[in-house]
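So the structure is just underneath, and the comments pick up after that.
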Amino acid sequence: MNITVGGEKKDVKDGITVSELIAQEKVETPEYVTVSVNEEFIKREDFDARKLKESDNVEFLYFMGGGAR
Amino acid sequence: MPFTNEQLERYSRHIILKEIGVKGQKKLLAGKVLIVGAGGLGAPAAMYLAAAGVGTIGIIDADEVDLSNLQRQVIHTTNDLGKPKVESAKETMLAINPDITVNTYHEFLDSTNVLDIFRDYDFILDGTDNFPAKFLINDACVLLKKPFCHAGIIRFKGQLMTYVPGEGPCYRCVFKNPPPKDAVPTCKQAGVIGAMAGIIGCMQALEAVKYLTGAGELLTGYLQTFDGLKGEWHKIKLPPADPDCAVCGTHPTILKPVDYEQAACDWHASRDEGVAEDNS
């Protein structure tokens, strides 16, 4: 099925979970990533259970610290 | 007060813009912006806001200029090594534009001074390098109902978002709590391309100018990201403000600014009396 990840179209297996997508996309520091699906935050405890659907729009939001030093 | 001839000439490229004009330039001159951190992000932001004629600019930073700063912190020069960053920044800003007032705070921002310092300003820029400070800025701005622009940079990437009270999610709605120390790499550990500080710091300056003048649309409700290696911008639409957010939600548990211990391994340890019991 086709979904959008970070603005890019991706072909992924049907019913892929958020956790599986995080692993497949090699998300950096997966323990601290924020995930939104169709502009809704997914709770971390739901990552394993939440299955994605055709044309879902997934965004990974990362902590980004740097700035001063 | 009418503009002097010098002001008309200095700000002529602003005044000619229909989105700014004389009215907008007057708003900039009456505006008060605080920049937290005179580093990578704060340097270009401070220079452009000074040049733009933002009438009062505050800048807070406890550090001195170090040789390793100069690869990206373009407000400081080799002659400034060892000087407090806020002093070096002020000299450059006033050299660019003596028409403005620069307030310096040579100190660390913490829960004891944040509210008093922020209170006097219209808009805050987060140019800090660590998560305890980023959460402190967010919480103080929510508590004081002040708008601010968050930004972060690392390697060839950068991002920013703008919070305006009542108009979208805050930083904590998105990121909840600071990550444990060293769980997420910093610029010092991972590196950062100098130009990224310029790109994202200038975006923050642009957000401040848009807020003060009312021009265009702010990045409220969006996280804007930039990948410098790909040359790609991406504007992520954020969910609305989280009603369960610990600071901006309907039953907040954070009622005053909190210092997260950066040095401590367990940041939960600093959740002291500043945080009410979570009774949700």
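The values are calculated or read from the model by the stated rules, or taken from the named source; none is laboratory data. Note that this is a predicted model, so its numbers are computed, not measured. Cβ coordinates were reconstructed from backbone atoms using ideal geometry, including for glycine residues, and neighbour counts include every protein chain displayed. Surface accessibility is based on the protein's heavy atoms, side chains included, excluding ligands, DNA and RNA. Shrake-Rupley method; radii C 1.70, N 1.55, O 1.52, S 1.80 Å.
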Matching residues in the stretch A:1-42 - criterion: being under 30 Å from B:T186 (Cα atoms), open to solvent by 40 Å² or more (accessible area, probe 1.4 Å) and of a type in the set (S, T, N, Q) = A:Q24, A:N38
Number of the exception - B:F148 against (1) surrounded by fewer than 20 Cβ atoms within 10 Å (Cβ to Cβ); (2) in contact with a Phe, Trp or Tyr (Cβ under 6 Å, 6 or more places away or on another chain) | (1)
Identify the single condition in (1) facing another protein chain (nearest Cβ under 9 Å); (2) open to solvent by 60 Å² or more (accessible area, probe 1.4 Å); (3) among the acidic types (D, E) that A:E45 does not satisfy, given that it satisfies every other one.
-> (1)
Collect the residues in the stretch B:41-91 that are open to solvent by 30 Å² or more (accessible area, probe 1.4 Å), outside any loop (DSSP other than H, G, I, E, B) and over 20 Å from B:E207 (Cα atoms), keeping them in residue-number order.
-> B:E64, B:L67, B:S68, B:T78, B:N79, B:P84, B:E87, B:K90, B:E91
With respect to B:A140, determine if the residue is part of a helix (DSSP H, G or I), within 15 Å of the chain's Cα centre (by Cα) and under 14 Å from A:F63 (Cα atoms).
-> no
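Search the stretch B:21-38 for residues being within 11 Å of the chain's Cα centre (by Cα) and part of a loop (DSSP other than H, G, I, E, B), and hand back the single one that is farthest from the other protein chains (Cβ to nearest Cβ).
Taking the stretch B:21-38 and keeping what is within 11 Å of the chain's Cα centre (by Cα), we get B:33-38.
Still in the list and also part of a loop (DSSP other than H, G, I, E, B): B:37-38.
Values: B:G37: 4, B:A38: 7 Å.
Applying the filter and picking the extreme gives B:A38.
Pull up the stretch B:96-112, narrow it to residues that are outside any strand (DSSP E or B) and under 30 Å from B:A190 (Cβ atoms), then point me to the one that is farthest from the other protein chains (Cβ to nearest Cβ). Give the steps one after another, and end with the answer.
Of all residues in the stretch B:96-112, those outside any strand (DSSP E or B) come to B:96-100, B:106-112.
From what is left, the residues that are under 30 Å from B:A190 (Cβ atoms) are B:106-111.
Values: B:H106: 14, B:E107: 14, B:F108: 11, B:L109: 11, B:D110: 15, B:S111: 19 Å.
Filtering the stretch B:96-112 for residues that are outside any strand (DSSP E or B) and under 30 Å from B:A190 (Cβ atoms), the one farthest from the other protein chains (Cβ to nearest Cβ) comes out as B:S111.
Do the conditions hold for B:K146, that is, is it part of a loop (DSSP other than H, G, I, E, B), in contact (Cβ under 8 Å) with a residue 12 or more places away in the chain and under 13 Å from B:L34 (Cβ atoms)?
yes
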Could you give every pair whose Cβ atoms fall below 7 Å, whose first residue belongs to the stretch B:121-140 and is within 8 Å of chain A (Cβ to nearest Cβ), and whose second residue is of a type in the set (D, E), counting only separations of at least 6 or pairs across chains?
-> B:K134/B:D126
Restricting the search to the stretch B:230-252, which residues are open to solvent by 70 Å² or more (accessible area, probe 1.4 Å) and either of a type in the set (F, W, Y) or within 14 Å of chain A (Cβ to nearest Cβ) (or both)?
-> B:K230, B:E232, B:W233, B:K235, B:K237, B:P240, B:P243, B:D244
Could you list, in sequence order, all residues of the stretch B:39-65 that are within 11 Å of chain A (Cβ to nearest Cβ), in contact (Cβ under 8 Å) with a residue 60 or more places away in the chain and hydrophobic (A, V, I, L, M, F, W, C)?
-> B:L41, B:A43, B:A45
Six or more apart or on different chains, Cβ under 6 Å: which pairs go from a residue in the stretch B:178-202 that's at the interface with chain A (Cβ under 8 Å from one of its Cβ atoms) to one that's modelled with pLDDT under 90 and buried (at least 18 other Cβ atoms within 10 Å of the Cβ)? Could you list them?
-> B:T186/A:G65; B:T186/A:G66; B:C187/A:G66; B:V192/A:G66
Result of the Cβ filter at 7 Å on the stretch B:241-259, keeping first residues that are part of a strand (DSSP E or B) and partners that are open to solvent by less than 40 Å² (accessible area, probe 1.4 Å), at least 6 apart or interchain, is B:I254/B:D139; B:I254/B:A246; B:I254/B:V247; B:I254/B:V275
From A:E40, A:E59, A:E54, residue being in contact (Cβ under 8 Å) with a residue 40 or more places away in the chain and within 9 Å of chain B (Cβ to nearest Cβ) = A:E59
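Take residues that are crowded, with 20+ Cβ neighbours inside 10 Å and tell me which of the helices (runs of 4 or more DSSP H) falling wholly in the stretch B:159-217 contain 2 or more.
Numbers: elements: B:171-175, B:187-190, B:194-213.
Of the helices (runs of 4 or more DSSP H) lying wholly inside the stretch B:159-217, those with at least 2 residues that are crowded, with 20+ Cβ neighbours inside 10 Å span B:171-175, B:194-213.
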